[in-house]
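Structure record follows, encoded as structure tokens.
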Amino acid sequence: MTPDRCPCCGSPRLHEGTLVAQHPVRFRLSFWRTGGVRAFACLDCGAIRNFLDEKALARLREANGLEELPMGRKGGTMSDF
């Protein structure tokens, strides 16, 4: 998912980056699998929001038996945002 507005202040000014400690941050999908994390920083209020990358999200949905996209706030799928 790629957000188009900051969830905190509503600003459209977002910058995509990567959270890094010593290595890029990963999300554990299962014991053996991890997925990439995408981070977006708001250039107005400084909020940082994280999302799984598309490949990791598809794997996690598949592993949980979720083939369909969830409904978004406006009644469309999350890809409508």
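The values are calculated or read from the model by the stated rules, or taken from the named source; none is laboratory data. Keep in mind the model is a prediction, meaning the values are calculated, not measured. Note that we place each Cβ from the backbone using ideal geometry, even for glycine, and neighbour counts take in every protein chain shown.
Residues checked against (1) surrounded by 15 or more Cβ atoms within 10 Å (Cβ to Cβ); (2) under 11 Å from the mean Cα position of the chain (by Cα):
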site	(1), (2)
F31	no, no
R38	yes, yes
G46	no, no
L60	yes, no
*Name the residue, out of A58, A41, that is modelled with pLDDT of 85 or more and under 18 Å from H15 (Cβ atoms).*
A41
*Just need a number here: residues in the range 36-57 that are within 15 Å of R5 (Cα to Cα) and hydrophobic (A, V, I, L, M, F, W, C).*
9
